[in-house]
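Heads up: the structure comes next, in C-alpha cells.
The values are calculated or read from the model by the stated rules, or taken from the named source; none is laboratory data. Just so it is clear, the model here is predicted, and its values are computed rather than measured. Heads up, the Cβs are rebuilt from the backbone with ideal geometry, glycines too, and the neighbour counts pull from every protein chain shown. Calculation scope for accessible area: heavy atoms of the full protein, side chains included, ligands and nucleic acids excluded. Shrake-Rupley method; radii C 1.70, N 1.55, O 1.52, S 1.80 Å.
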Amino acid sequence: MGKAGGLTTSEALARALPMALIEPIPGQEERNADHLLEEGAAIRCNNLPAAAWKIAGLVDDAERLVRMKDAARKLGRPNAASEIAADALKLLH
C-alpha cells in the first residue's frame, strides 16, 4: 500500500493489514501516517526505492509482522458501517 488516505487506511485496518506508507501527502495523509506509525500498524517509506528494501525486511521479520497485524486489528473497525446505521436508527425512534 502506498496511500494513507482515510478510505484506504480504514479498509486496510478493517482487514488487519499492516501498511507500508510511501510519501504521504502533507495534511490528512501525513497525520494518518503519523498515527499508524505511532500505533505500530505501519512502516514509512520515504521514497519508492526504499520501499522494496523496507518491505522485504518486514516480510523477513515474522514477529514484527505479527505485531503490526495485531496493531492494525486493534485500530480497525470492520463493523463501523453497521454500528453507524444502528445508531442512526436509534435516533429515529
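Quick check: the angle from helix 28-39's long axis to the longest principal axis of the chain, C-alpha only, nearest 10 degrees?
With both axes taken from Cα atoms, the answer is about 80 degrees.
Taking the chain as the reference, fit the longest principal axis to its C-alpha atoms, fit the long axis of helix 48-59 to the helix C-alpha atoms, and give the angle between the two in degrees, 0 to 90, nearest 10.
80
In Å², what does the accessible area per residue of region 35-87 work out to with a 1.4 Å probe? Please report the intermediate quantities before stating the final value.
Values: 3720 Å² over 53 residues.
Result: 70 Å² per residue.
Give the total of Lys-Lys pairs in the chain with Cα-Cα distances below 24 Å; include a pair only if its members are 8 or more places apart or on different chains. Write down the numbers at each step before the final one.
Working: K3/K54; K3/K69; K3/K74; K54/K69; K54/K74.
Close lysine pairs under the 24 Å cut-off: 5.
Please report the relative contact order for region 10-66, taking Cα pairs under 8 Å with a sequence separation of at least 6, and give it as a percent rounded to a whole number.
On the way: 42 pairs, mean separation 18.8, N = 57.
Here the relative contact order equals 33 percent.
Helix 80-92 versus the longest principal axis of the chain: what angle, 0 to 90°, nearest 10, using Cα atoms?
Roughly 20 degrees, rounded to the nearest 10.
From the residues A51, G40, L92, which one has its Cα farthest along the dipole of the chain in the positive direction, the dipole being from +1 and -1 charges on Cβ of Lys/Arg and Asp/Glu about the Cα centre?
Positive-end residue among those listed: L92.
If you take the beta carbon distance between T8 and L89 as r and set R0 to 35 Å, what does 1/(1 + (r/R0)^6) give as a FRET efficiency, to the nearest 0.05? List each step's numbers first, then the result.
Working: r = 28 Å, r/R0 = 0.81.
With a Förster radius of 35 Å, E is 0.80.
Please go through region 1-68 and write out the trypsin sites (Lys or Arg not before Pro) that DSSP classes as loop and that have at most 16 other C-beta atoms within 10 Å.
Numbers: sites: K3, R15, R31, R44, K54, R64, R67; in loops: K3, R15.
Hits after loop and neighbour filter: R15.
Between E63 and L37, what is 0.36 nm times their sequence separation minus the Cα-Cα distance? Round to one decimal in nm. Don't skip to the answer; put the middle values down first.
Values: separation 26, 0.36 × 26 = 9.36 nm, distance 1.68 nm.
Length gained between E63 and L37: 7.7 nm.
Over the chain, what percent of the accessible surface lies on carbon and sulfur atoms, probe 1.4 Å?
After summing per-atom areas, the C and S share lands at 57 percent.
Mind sorting out which of (i) -0.39, -0.66, -1.29; (ii) -0.30, -0.47, -0.98; (iii) -0.49, -0.63, -1.03 is the real log10 I(q)/I(0) by the Debye sum over Cα atoms at q = 0.10, 0.13, 0.21 Å⁻¹ computed from the coordinates?
Identified label for the calculated read-out: (ii).
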